[in-house]
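The structure appears below as structure tokens.
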Amino acid sequence: MRIGVVGAGILGLAVARELTARGAEVTVLDKEDRVGAHQTGHNSGVVHAGIYYQPGSLKARLCRDGVALLREYCAEHRLPYEEVGKLVIASTRAELAGMHRIAGRAVENGVPGIAVLDGLGLREIEPHAVGVGAVHSPHTAIADFPAVARSLAASLDVRLGRPVRAIRETASGVEVLAGRSRFAFDRLVACAGLGTDRVAAMAGQPGQVRIVPFRGEYLRLTGAAKGLVRGLIYPVPDPRYPFLGVHLTRRIDGEVLVGPNAVMALALEGYSWSKVSLRDLRGIAAWPGTRRMAVQHWRTGLREVYGSLAKRSFLAAARQYVPSLTKEDLARTEGGVRAQAVARDGALVDDFAIDRHGPITLVRNAPSPAATSSLAIARHIVGSIL
Ligand SMILES: Cc1cc2nc3c(=O)[nH]c(=O)nc-3n(C[C@H](O)[C@H](O)[C@H](O)COP(=O)(O)OP(=O)(O)OC[C@H]3O[C@@H](n4cnc5c(N)ncnc54)[C@H](O)[C@@H]3O)c2cc1C
């Protein structure tokens, strides 16, 4: 069986590896000149333990399975994987109910080692943090997702600089025009992240959701301030959104990130305010779900835009958890753009979404924790096509 995979992000590469392991002949096509160029190379680097997700959802199941597979993969390939642990901190009494809900969910999802701590207990874990209580997840880890992607790619047939421009179903499978080359496959799997809608349209399957790009901006801690955070410090998330709120994250290279916020980007690959694409914006605005989402969430949207423009808003968010931080401790660093699917009614699609149409499988929504879950999502997808 010859199978094409669109996208050399961590998910496309994981799918290609799983297909190869089951005997298929696989070619991965990506438009960029390197693997992991988009979401895979621009994220927080957290191996989520599965704390937040709706029990029974694909996210809940594939995140737990994904953690085990990723830990094993990193050990086998000598890639960094550190269980630095995570605190989800309630900074006011009003947040305690939400914090206990999170703890209950984590236990229901089978996350190991979950403990609820009071204000003293959390300082034993993170001596510079404050709060009235916290959920502690000692096995939440950090990894180097771009390195995982490069390692996966090393044993695969990956063709870079090949933007997929046309897809045609044939009597025997699928024909793909990528760059100037034509490929004939029996099956095609698309894991195109921010490019999902375009690939879906080429396949004649526009579907019932559209990708809206949400930029996540980060600051990093400088100098001695890096020593103020041992592991991962997260707020109690707002249950209305799939985003986890501005957090402090120790990275595998020793940097500590503060972020990400969530602002709607002005281009699918809109890594800064100056990157604007009228073509992308027309497509995003034409989707009824975008307008409905804007009407429902404009207040939060404006707050996030303000936070994007003013460093002090980031500082305020971080100081809620680590009060000794000052403005001088923060410097800007590069961010990422999330490919978040939005439904026709304006709802942000929470779960992973994968559709199959004959020989073509389309990943429609693979936001966080899809990097964590990638090896398990790959098994899930491959199980349905082979
Ligand atoms: C700010 C931020 C923070 C995050 N934090 C975490 C975290 O801590 N932990 C976690 O588990 N997850 C996190 N995520 C989510 C995670 O990064 C993504 O879920 C994951 O990387 C998705 O992988 P992917 O392969 O589907 O997408 P991508 O890595 O975006 O790959 C898609 C690929 O498709 C290619 N492509 C698109 N269109 C075409 C085309 N027409 N032809 C050829 N190629 C094409 C692109 O070039 C790209 O390489 C975060 C994401 C962001 C943005």
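Worth pointing out:
- Criterion violated by residue 95 - all others in (1) under 22 Å from residue 247 (Cα atoms); (2) within 16 Å of the ligand (Cβ to nearest atom) satisfied: (2)
- Scope the range 167-179; condition open to solvent by 40 Å² or more (accessible area, probe 1.4 Å) and modelled with pLDDT of 95 or more; matching residues: 168, 169, 170, 175, 177
- Flag for residue 381 being away from the ligand (no atom under 15 Å from the Cβ) and surrounded by 19 or more Cβ atoms within 10 Å (Cβ to Cβ): no
- Residue list for the range 27-51, restricted to those being closer than 21 Å to residue 69 by Cα and part of a strand (DSSP E or B): 46, 47
- Within the range 13-31, residues that are within 20 Å of residue 161 (Cβ to Cβ) sit with their Cβ atoms under 6 Å from residues that are polar (S, T, N, Q), at 6+ positions apart or across chains, in these pairs: 26/20.
- Applying the condition of being assigned to a loop (DSSP other than H, G, I, E, B) and open to solvent by 30 Å² or more (accessible area, probe 1.4 Å) to the range 4-26 and asking which residue is nearest to the ligand (Cβ to nearest atom) yields 22.
- For the range 192-244, filtered to residues that are crowded, with 17+ Cβ neighbours inside 10 Å and of a type in the set (Phe, Trp, Tyr), the residue that is farthest from the ligand (Cβ to nearest atom) is 234.
- Residue within the range 29-46 that is more than 9 Å from the ligand (Cβ to nearest atom) and not acidic (Asp, Glu) present: no
- Selection count, the range 184-203, where residues are without any contact (Cβ under 8 Å) to a residue 60 or more places away in the chain, farther than 16 Å from residue 366 by Cα and either among the basic types (Lys, Arg) or assigned to a loop (DSSP other than H, G, I, E, B) (or both): 0
- Scanning the range 40-95 for residues that are over 23 Å from residue 354 (Cα atoms), free of Cβ contacts under 8 Å to residues at least 60 places away in the same chain and surrounded by 15 or more Cβ atoms within 10 Å (Cβ to Cβ) yields a single hit, 83.
- Within the set 376, 353, 341, 310, the sole residue that is within 16 Å of the ligand (Cβ to nearest atom), open to solvent by 10 Å² or more (accessible area, probe 1.4 Å) and not aromatic (Phe, Trp, Tyr) turns out to be 353.
The values are calculated or read from the model by the stated rules, or taken from the named source; none is laboratory data. Note that the coordinates shown come from a computational prediction; the quantities given were computed from them, not determined experimentally. Here Cβ is always computed from backbone atoms with ideal geometry, including for glycine, and neighbour counts include all displayed protein chains. These accessible areas exclude ligands, DNA and RNA; they are computed on the full protein's heavy atoms, side chains included. Shrake-Rupley method; radii C 1.70, N 1.55, O 1.52, S 1.80 Å.
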